[in-house]
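Take a look at the structure set out below.
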Amino acid sequence: MGRFSYFCTNMKQVRPKKNLGQHFLTDLTIAQRIADTVDIPYPSLPVLEVGPGMGVMTQFLAEKPRPLKVVEIDRESVEYLYEHFPKLHDNILGEDFLRMDLSQVFGGQQFVLTGNYPYDISSQIFFKMLDYRDLIPCCTGMIQHEVALRMAATPGNKQYGILSVLLQAWYDIEYLFTVPPTVFNPPPKVQSAVIRMTRNNVSSLGCDEQLFRRIVKTTFNQRRKMLRVSLKQLLPSTSPVFTQHADLLTLRPEQLTIAQFADLTNIIAPELA
């Protein structure tokens, strides 16, 4: 039995669950295209697939000559995977990705992260990836179209925001292709997109990284306001920062580059100390 008829015959055995944000991909051509994104630029590293569902992408990943593990929180999907992917039996992890210690997945070895990510937690997945960025030199997969645009946006673009800055600080982001809602069961109400994130050469931002994140989130939570307004949540209004760096603080967060956010962090850090 060919892949297409095999998948269609078994497709309805797992019920998509709204509370898990499940939208099962049904187009095998697109599934293979997404699976193949893991081959560049690390064709030999192990692969961890998040949210395999019924394995529409897994079947193509499993054909590659490299270690593969899948992590799935839905028990029904896990049972399906055990039944239809017996060769992966010991590599099917019935866990919550967001609670996993990723340093233990491949014994401390680097790996590529991929998946058809649930829309409602994709940002949380990528923030977790940042915590393990030295282990994950590449991340690919499918997410909501609008989120992909935000991730890849540049300064001055209305899509530029928290995700753009925090991810681009450590990864180069490629928007690969768009996926229509008609190839899912059930069809989502939005378009999807496939992206690839590849670790850049940055080893340090040259500032307090926790404070950097805090400043990025604080300022973009009031993205229409000038920095001198939003930063009053962190600094007293009498702080000399507001007079010594008046020109910088008249900008809005979407106008700042990553380097400028790092500079701003170093300006503010002594005041908070």
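Observations on the structure shown:
- Computed over protein heavy atoms with a 1.4 angstrom probe, the accessible surface ordering of Leu251, Leu211, largest first, is Leu251, Leu211.
- Per-residue [θ]222 nm for the chain (sum of -39500 (n - 2.57) over DSSP H runs n ≥ 4, rounded to 500): -9500 deg cm²/dmol
- Using the 1.4 Å probe convention, the accessible area of the range 149-270 works out to 49 Å² per residue with neighbouring protein chains retained.
- Packing rank of 159-171, 176-188, where each peptide gets the mean count of other beta carbons within 10 Å, highest leading: 159-171, 176-188
- Computed over all pairs of different Cα atoms, the Kirkwood value for the hydrodynamic radius of the range 36-124 is 13.3 Å.
- Among Asp263, Asp74, Asp36, Asp247, the order of accessible area from largest down is Asp247, Asp263, Asp36, Asp74, computed with a 1.4 Å probe on protein heavy atoms.
- Ratio of Rg to Rh for the range 138-205: 1.03 [Cα atoms; Kirkwood radius as inverse mean 1/r over pairs].
- Rg to Rh, two decimals, where the range 174-239 supplies the alpha carbon set and Rh follows Kirkwood: 1.20
- Ellipsoid equivalent to the chain - semi-axes via the Cα gyration tensor, in Å: 40, 19, 15
- Antiparallel DSSP beta bridges within the chain, as percent of all bridges there, nearest 5: 55
- With every protein chain in place, the range 110-172: carbon and sulfur % of accessible area (1.4 Å): 45
- Once the C-beta distance of Ser204 and Asp101 is scaled by a Förster radius of 22 Å, the resulting FRET efficiency is 0.40 to the nearest 0.05.
- Along the chain, counting only trypsin sites (Lys or Arg not before Pro) with a DSSP assignment other than H, G, I, E or B and at most 14 other Cβ atoms inside a 10 Å radius, the longest segment between sites is 18-157.
- Order of exposure, largest accessible area first, which applies to Met226, Met57 with probe 1.4 Å: Met226, Met57
- In sequence order, calculated HN-Hα J values of the range 63-70 (Karplus, 6.51, -1.76, 1.60; Hz; x Gly/Pro): 7, 7, x, 7, x, 9, 10, 10
- Cβ-defined net charge surrounding Val190, 14 Å radius [Lys, Arg +1; Asp, Glu -1]: 0
- Area of Ser203 that stays accessible when all protein chains are in place (1.4 Å probe, Å², to 10): 100
- Three semi-axes describe the equivalent ellipsoid of the range 85-244; taken as square roots of 5 times the Cα gyration tensor eigenvalues and ordered largest first, they are 33, 21, 14 Å.
- Gyration tensor analysis over the Cα atoms of the range 117-164 returns equivalent ellipsoid semi-axes of 19, 13, 9 Å (largest first, whole Å).
- Net charge, Ser203 excluded, C-beta distance under 11 Å - Lys, Arg +1, Asp, Glu -1: +1
- Accessible area per residue was computed with a 1.4 Å probe on protein heavy atoms; Glu146 scores about 100 Å².
The values are calculated or read from the model by the stated rules, or taken from the named source; none is laboratory data. As the structure is a computational prediction, the values presented were derived from the model and not from experiment. All Cβ positions, even for glycine, are placed from backbone atoms using ideal geometry, and neighbour counts span all protein chains on display. What goes into the accessible areas is simple: the full protein's heavy atoms, side chains included, and nothing from ligands, DNA or RNA. Shrake-Rupley method; radii C 1.70, N 1.55, O 1.52, S 1.80 Å.
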